[in-house]
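First the structure, in the form of structure tokens, and then the observations on it.
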Number of protein chains: 2
Amino acid sequence: MPAELIERDAVSRILAAARELFAEHGFDAVSMNAIAEAAGASKANIFHHFKNKDELYLAVLKTACANSCEQIERFGQDEGSFEQRLERYAAEHLNHILDNEQVTRLIQRDLLDNGPRRGRQFAEQVFGQNFGRLVEILREGQLRGELRQDIDPAQVALMIIGTNLTFFQAREVFRHFPDVNFAGSPETYSRMAMDIVLRGIQPHGTRNAEKE
Amino acid sequence: MPAELIERDAVSRILAAARELFAEHGFDAVSMNAIAEAAGASKANIFHHFKNKDELYLAVLKTACANSCEQIERFGQDEGSFEQRLERYAAEHLNHILDNEQVTRLIQRDLLDNGPRRGRQFAEQVFGQNFGRLVEILREGQLRGELRQDIDPAQVALMIIGTNLTFFQAREVFRHFPDVNFAGSPETYSRMAMDIVLRGIQPHGTRNAEKE
DNA sequence: CAAGACACCAACCGACCGGTCAGTCCATGC
DNA sequence: GCATGGACTGACCGGTCGGTTGGTGTCTTG
């Protein structure tokens, strides 16, 4: 992939290098010199294409979020039962954040710097889109009586996204925990988590989750 | 020993200022000058007490984690049914991370910088202790047949801690989401989340969670 | 009191920071 | 042929970075 990187035009090379470095080390820890070197361009050229460091950061966040949102839009959209859709959404979401590690880290970092800060809107955008899709699926299920009426769809959405994000965030840490045996297997993790959630949100009387 | 008192005074002032600034802005964005000014000491004095910036950061993390771990040790320890203990643990954990915002942010930041980095062990320490306590409670409940045998306690522990952490991390963001009405009320949030989890991990046949 | 240990600080250092500038290169259009 | 203008660069700017130096005042100990 370095060959590809060299072939592309300067702006996209700069954006790619900046995204990688910002995600890995954070905004303040990355110098324009480092980005220039990684992108194979001069520092002055970066300032030619982007007004300043902040604008470069915003551009990185913007393109990354646009890409991410585009993929999220398709999550859980296929046909299938409510449970299948929800299960598939969770699995796809977990896969997505694992496949797009850089973007996920970028947004998590941005969320952490929560002051009157730079790219807040983009974090809200991606987070909100995830949230919206999920709540939509859940509301629909609730209308069809496939999940309890007395639960808050937003609550369930947060649980699903939250456990996925925590899996992403801490997977390297609890890889060494003796109690944890799903650290290397997001599929196992996602299946087990949704098993619990689905059972937890079933309507009170139903017992239709018996499998074998 | 008045000398020790004086020393501890300046050192603790430096540690407090550093903890606040590191938590708010991250390691690289905080200069020793800023810490010195916030602590009411000279920069040279900081270097007198701490070998370098990294050691100061480690010291901050160490004291913060020690304090945090001490409190966690008491979570969910009181008498009560399995469900009560679990519910109380979740509520106490959420309260804890909200009360100790600085430390939580500090550790989350450190988790994000996952390379061959500085304070990894402390993040593992706090995270692991939370995890250990929860898994312990869950294992006990499993032994007594109060939750399904076919679930992984570590999975449930991650779900509880994960949703709490995500609540902490994103509460400012989804405060503006129309779908969310628990943003300002961690108690409501914790109660609703545990309602779902508890129902999801009940043994297959039981129906003892009907509302009174 | 002398000597030393210790807390503390102003001034300073080289390195590097984000950002600027004058100028080169080169494709385009007249 | 030649003017225009965007892409691009090396050299440079003021300022800040983490860290050091040389020293002052204060307390303890003999």
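The values are calculated or read from the model by the stated rules, or taken from the named source; none is laboratory data. Here the structure is a predicted model, which means the values were calculated and not measured. Heads up, the Cβs are rebuilt from the backbone with ideal geometry, glycines too, and the neighbour counts pull from every protein chain shown. In case anyone asks, the SASA skips ligands and DNA or RNA and just uses the protein heavy atoms, side chains included. Shrake-Rupley method; radii C 1.70, N 1.55, O 1.52, S 1.80 Å.
Which of rounded, prolate or oblate describes the protein assembly as shown when judged by the alpha-carbon gyration tensor and an a/c cut-off of 1.5?
Oblate is the answer for the protein assembly as shown, as a/c is 1.5 or above yet b/c matches or exceeds a/b.
If each of B:Asn33 and B:Arg191 carries a label point 7 Å out from its Cα toward its Cβ, how far apart are those two points in nm?
About 5.1 nm separates the two model spin labels.
Under the definition of partner shielding as Cβ atoms of other protein chains within 10 Å of a residue Cβ, what is the mean value for peptide B:164-173?
Other-chain Cβ atoms within 10 Å of each residue's Cβ, averaged: 6.
How many nm is it between the label spots at A:Asp150 and B:Glu101, if each spot is 7 Å from the Cα in line with the beta carbon?
Computed distance between label sites A:Asp150 and B:Glu101 equals 3.4 nm.
So, in chain B, how many Lys pairs have Cα atoms under 29 Å apart, if the pair is 8 or more places apart or on different chains?
5
Taking beta carbons within 10 Å but only from partner chains, what does the mean come to for residues A:90-100?
0
Tell me what the protein assembly as shown gives for mean residue ellipticity at 222 nm when only DSSP H runs of n ≥ 4 count, each as -39,500 (n - 2.57), the sum divided by the residue total, rounded to 500 deg cm²/dmol.
Counting only the DSSP helices, I get -22500 deg cm²/dmol.
Can you give the mean number of other chain Cβ atoms that lie within 10 Å of the Cβ atoms in peptide B:101-111?
For this peptide, the per-residue mean of nearby foreign Cβ atoms is 2.
Please list A:16-25, B:69-78 highest first by mean number of surrounding beta-carbon atoms within 10 Å per residue.
Taking the mean over residues of other Cβ atoms within 10 Å, the ranking is A:16-25, B:69-78.
Relative contact order for chain B using alpha-carbon pairs under 8 Å, separation at least 6, rounded to a whole percent?
Across chain B, relative contact order equals 19 percent.
Which shape class, rounded, prolate or oblate, goes with chain B when its Cα gyration tensor gives a ≥ b ≥ c as root eigenvalues, a/c under 1.5 marks rounded, and past that a/b bigger than b/c marks prolate?
Prolate shape, in that a/c is at least 1.5 and a/b is the bigger ratio.
Any chance you could check the Cα centroid distance between region A:51-78 and region B:32-81 for me, in angstrom?
With region A:51-78 and region B:32-81 each reduced to a Cα centre, they are spaced 36 Å.
Rounded to the nearest 20 Debye, what is the dipole magnitude of region B:2-50 about its Cα centre when Lys and Arg each give +1 and Asp and Glu each give -1 at the C-beta?
Here the size comes out at about 60 debye.
State in Å² the accessible area per residue of the protein assembly as shown; use a 1.4 Å probe, count heavy atoms of protein chains only, and round to the nearest integer.
Result: 46 Å² of accessible area for each residue.
In nm, to one decimal, how far is the B:Leu143 label point from the B:Lys62 one, both placed 7 Å along Cα→Cβ?
3.6
Using a 1.4 Å probe and counting only protein heavy atoms, how much accessible surface gets buried when B and A come together, both sides summed, in Å² to the nearest 100?
That pair of chains buries around 5200 Å² in total.
Got a number for carbon plus sulfur as a percent of region A:17-139's accessible area, 1.4 Å probe?
Ligands and nucleic acids excluded, carbon and sulfur give 45 percent.
Pop out the Kirkwood hydrodynamic radius of region A:2-50 from its pairwise C-alpha distances, inverse of mean 1/r, in Å to one decimal.
10.6
Taking the Cα centre of chain A as origin and charging only Cβ (+1 Lys, Arg; -1 Asp, Glu), how large is the dipole, in debye to the nearest 20?
Around 440 debye, computed over chain A.
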